[in-house]
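Engineer: Quick one: the structure is below, questions incoming.
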Amino acid sequence: MTHPVNEKHPVKACLVCNGSKLYYLFSISAHRIVRCDDCGLLFINPQPSDDELARIYGADYFLGRDTEADRKAVSEIKHATARLYLSEIRRYCGLKNGRLLEVGCGDGDFLVSAEAEGWFVTGVEYSTAACEKAQQHLNSGEVFCGELQSARFGAQQFDLCVVSDVIEHVRSPHDFLKEIHRVLKPGGALFIATPSTDSWSARLMRQKWMEFKIEHLTYFDRHTLQTALFKSGFQEVIVKPGWKILSFNYVKMHFDRFPVPLMTPVFNLLSRILPKKLQLRHQRIAASGIMVFSRKSEARPQQMLSVILPAYNEVKTFGVLMETLLRKQIPGIQTEIIVVESGSTDGTRELALKYKNHPGVKLFLEDQPRGKGHAVRTGLKAASGDYVLIQDADLEYDLEDYDALLEPLIAGRSAFVLGSRHGGRNVWKMRRFTGQHGLSLLVNLGHWFFTTLINVMFLQRLRDPFTMFKVFRRDCLYGLEFECNRFDFDFELLIKLIRKGYHPIELPVNYRSRSFKEGKKVRMFRDPLTWLKALAWLRFVKIDPIKVVGQTHDANHATDEFITTQTDNHKS
């Protein structure tokens, strides 16, 4: 018998970016899965009815309740995963205790582990049977039965909120995240574990992916979940593979409950071959999900764009550019201009000093030129906007393209945009220097070579990775460290953002290339060698944003201890 669904109330807009381009992909148990063509989110539309979901979330919904041995084995696995999550949370935010809220706490295994580590815990669970079990397992923690909104917590109550394998179940992710934002203290941390459509198992199994279930209403990937967090008031987002502690036996139980062609028979066969001890052994596995860390941020009255403007010996164009920038108006966006002047000898510094006290300008004066990359890095550290745009001082790029480049970020369709000088897929703008045809050919061949190299090495399909017009949410930089000082910084910024999980979209922009006679500063022989060296390094360097953040916490903690010690010594 087919259960009733909300046929009269299909969702008309994307649950993340509010886009209206929703296209049918396939069905699971007569429920349609659609894809937003703007941001790529997948979700069930129309959603199952409350009655149908209530039947699914029965007393036997959670795995491992058949025998006492199963219950013990599953509980040990969940406690081990909880300890893994708590360890990663400590690395991210430095918190070791405080008030912890878990939404969707199930039988309470995570809460028990957190309580044992010193947290004051509160749980929320939809299943009545699970609520009763969770409350029995806790010493002093509380468990509320129902949905998060129905618990009616006061504002700014919790230091940490944990949402493990839950956000894919909620009807409105935005409302859900806004409620979490409300109950977290200022700067409070949010940890999310959820299946991801860009995981290796999802890419391998496609429509047969084991996470395509009726009760999973929304299917996120790295990009769409980060956008949902950004639009709900969270920042400092870091995404990692969704490591869990699992066993062969637990995975087999999952495939028995949710049969998958090929996978279920294979696991049934292996269960008759493998030793029992091996089937119960715990393994650290990242299969179908992601772990996402973020912090609550306070909403500002108006969104802001930070324009990073490195300047060195650009006296002919700097003044015109600054006046044009200051006149530039972007609806709904406030602009701060961050000028980093690098010790020019042609009068550029004197022009820059005229804007020293301008309310819309932050001016940084370097004592000597250390390269464009060093100047941009200085500007990025000073940026306070929601979005960042890098602008050269030579007027090769058109400021009128700002609106088009920012639109996908503001709408939530992308976190990282490249302004492509080569336009669409069928357009390639060749550089032409008057009277220097050989040089023009060499520059264009170099562009083609390095573009191809980047695409092959980092599995991309970019046309203009070297464009100066790189526009991104400032939050994308969180947990990244930069080292390059010259034009190789363009490679470092692009590739570290890609390796952190941001895949740029390219939009065509206007561009007028100036020649070397007009002041182009790339060195034809030295810089390509630094680019090759940077690409080799960037291909193999480990990108671990949580480690970077953890080192910052350790340094701050050491500083606090030093200050406390010095104060105590002074009092003595």
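Engineer: Give me 457, 304, 322 sorted ascending by neighbouring Cβ count inside 10 Å, so fewest comes first.
Structural biologist: 457, 304, 322
Engineer: Which residues' amide hydrogens lie under 5 Å from the amide hydrogen of residue 510, considering only partners 5 or more residues apart or on another chain, with H built in the peptide plane?
Structural biologist: Counting only residues 5 or more places away or on other chains, the set is 398.
Engineer: Which value, in debye to the nearest 20, gives the size of the charge dipole of the chain about its Cα centre, when Lys and Arg are +1 and Asp and Glu are -1 at the Cβ? Please list the in-between numbers first.
Structural biologist: On the way: 77 positive and 65 negative charges, 353 e Å.
The calculated dipole for the chain is roughly 1700 debye.
Engineer: If R0 is 41 Å, what FRET efficiency do you get for residue 207 and residue 542 from their C-beta distance, rounded to 0.05?
Structural biologist: For residue 207 and residue 542, the calculated efficiency is 0.75.
Engineer: Enter the angle in degrees (range 0 to 90, nearest 10) between the Cα long axis of helix 128-137 and the first principal axis of the Cα atoms of the chain, meaning the one along which they spread out most.
Structural biologist: Helix 128-137 sits roughly 90 degrees off the main axis of the chain.
Engineer: Can I ask one more? Of 242, 406, 491, which is farthest along the charge dipole of the chain in the positive direction, counting Lys and Arg as +1 and Asp and Glu as -1 at C-beta?
Structural biologist: 491
Engineer: Same structure, new question: Each label point is 7 Å from the Cα along the Cα-to-Cβ direction; what then is the distance between the points at residue 327 and residue 140, in nm?
Structural biologist: 6.6
Engineer: A further question on this structure: Please give the helix 545-571 orientation as an angle from the longest Cα principal axis of the chain, in degrees from 0 to 90, rounded to the nearest 10.
Structural biologist: 90
Engineer: Please sort by residue number the chymotrypsin sites (Phe, Trp or Tyr not before Pro) in region 251-303 whose DSSP state is loop and whose Cβ has at most 13 other Cβ atoms within 10 Å. Working shown, then result.
Structural biologist: Working: sites: 255, 267, 293; in loops: none.
Those that pass, being in a loop and sparsely packed, number zero.
Engineer: For residue 320 and residue 76 in one chain, what is 0.36 nm times their gap in residues minus the Cα-Cα distance, to one decimal in nm?
Structural biologist: Between residue 320 and residue 76, full extension yields an extra 81.2 nm.
Engineer: Give me a comma-separated list of calculated 3J(HN,Hα) values for region 151-161, in order, Karplus coefficients 6.51, -1.76, 1.60 applied at θ = phi - 60°, integers in Hz, x for any Gly or Pro.
Structural biologist: Computed from phi, the couplings for region 151-161 are 6, 6, 5, x, 5, 6, 9, 10, 7, 8, 10 Hz.
Engineer: If you don't mind, there's one more thing I want to ask. Going through region 135-199, which trypsin sites (Lys or Arg not before Pro) have at most 14 other Cβ atoms within 10 Å and a DSSP loop state?
Structural biologist: Within region 135-199, the qualifying trypsin sites (Lys or Arg not before Pro) (loop, at most 14 other Cβ atoms within 10 Å) are 152.
Engineer: Mind checking region 289-334 for trypsin sites (Lys or Arg not before Pro) that DSSP puts in a loop (not H, G, I, E or B) and that have at most 16 other Cβ atoms within 10 Å?
Structural biologist: 328
Engineer: Ok, one more. At a 10 Å Cβ-Cβ cut-off, how would you order 448, 537, fewest neighbours first? Don't skip to the end; give the middle numbers.
Structural biologist: Working: 448 11, 537 15.
Ranked by crowding around the Cβ, least crowded first: 448, 537.
Engineer: For region 24-152, what's the relative contact order in percent, using C-alpha pairs closer than 8 Å and at least 6 residues apart?
Structural biologist: Relative CO of region 24-152 lands at 16 percent.
Engineer: Rounded if a/c is under 1.5, else prolate if a/b is larger than b/c, else oblate: which is region 21-122, with a ≥ b ≥ c the root eigenvalues of its Cα gyration tensor?
Structural biologist: Oblate is the answer for region 21-122, as a/c is 1.5 or above yet b/c matches or exceeds a/b.
Engineer: List the relative contact order of the chain as a percent without decimals, with contacts defined as Cα pairs under 8 Å and 6+ residues apart. Write out the running numbers ahead of the final one.
Structural biologist: Values: 998 pairs, mean separation 65.4, N = 572.
Once divided by the residue count of the chain, the mean separation gives 11 percent.
Engineer: Relative to the compact-globule scaling 2.2 N^0.38 Å, provide the ratio for the alpha-carbon radius of gyration of the chain.
Structural biologist: Working it through for the chain, the quotient is 1.09.
Engineer: Let me ask something else. Can you give the charge dipole size of region 303-541 about its Cα centre, rounded to the nearest 20 debye, using +1 on the beta carbon of Lys and Arg and -1 on the beta carbon of Asp and Glu?
Structural biologist: With Lys and Arg at +1 and Asp and Glu at -1, about 620 debye.
Engineer: Another one. Between residue 182 and residue 353, what is 0.36 nm times their sequence separation minus the Cα-Cα distance? Round to one decimal in nm.
Structural biologist: Length gained, residue 182 through residue 353: 57.2 nm.
Engineer: List the aspartates and glutamates whose Cα sits under 13 Å from the Cα of residue 354, skipping any in the same chain fewer than 8 residues away.
Structural biologist: Excluding near neighbours in sequence, the set is 323, 341.
Engineer: Another question, if that's okay. What distance in nm lies between label points placed 7 Å from Cα along the C-beta direction at residue 156 and residue 18?
Structural biologist: The two pseudo-label positions are separated by 2.7 nm.
Engineer: Can I ask one more? Note the full-extension length gain between residue 96 and residue 403 as 0.36 nm times their separation in residues minus their Cα-Cα distance, in nm to one decimal.
Structural biologist: This chain segment gains 106.2 nm when fully extended.
Engineer: Counting pairs of alpha carbon atoms under 8 Å apart in space and at least six apart in sequence, what relative contact order in percent does region 303-541 give?
Structural biologist: Normalised by residue count, the contact order of region 303-541 is 23 percent.
Engineer: For region 448-504, what is the charge dipole size about the Cα centre, in debye to the nearest 20, if Lys and Arg each add +1 at the Cβ and Asp and Glu each add -1 at the Cβ? Each step should come with its number before you reach the end.
Structural biologist: Details: 9 positive and 7 negative charges, 50 e Å.
The calculated dipole for region 448-504 is roughly 240 debye.
Engineer: May I pose another question? If you average the alpha carbon positions of region 9-62 and of region 191-241, how far apart do those two centres end up, in angstrom?
Structural biologist: Here the answer is 14 Å between Cα centres.
Engineer: So in region 303-541, what percent of DSSP beta bridges are antiparallel if you round to the nearest 5?
Structural biologist: Working: 8 of 30 bridges.
Approximately 25 percent, going by the DSSP bridge assignments.
Engineer: Give the Kirkwood hydrodynamic radius (Å, one decimal) of region 303-541, defined as one over the mean of 1/r across all pairs of different Cα atoms. Spell out each step's value before the answer.
Structural biologist: Numbers: mean 1/r = 0.0546 Å⁻¹.
Hydrodynamic radius (Kirkwood, Cα only) of region 303-541 equals 18.3 Å.
Engineer: Kindly work out what percent of the DSSP beta bridges joining two residues of the chain are antiparallel, to the nearest 5.
Structural biologist: 50
Engineer: When a/c reaches 1.5 or more, the comparison of a/b and b/c decides; with that in mind, is region 46-176 rounded, prolate or oblate per its Cα gyration tensor?
Structural biologist: Taking the square roots of the gyration eigenvalues as a ≥ b ≥ c, region 46-176 is oblate.
Engineer: Name the cysteines of the chain that stand alone by the Cβ rule: no other cysteine Cβ under 4.7 angstrom.
Structural biologist: So, 93, 105, 161, 476, 484.
Every read-out reported here was derived from the displayed coordinates using simple, explicitly stated rules and does not represent laboratory data. From a predicted model like this one, the values you see are computed outputs, not experimental measurements. Using ideal geometry, Cβ is built from the backbone for each residue, glycine included, and neighbour counts are taken over all protein chains shown.
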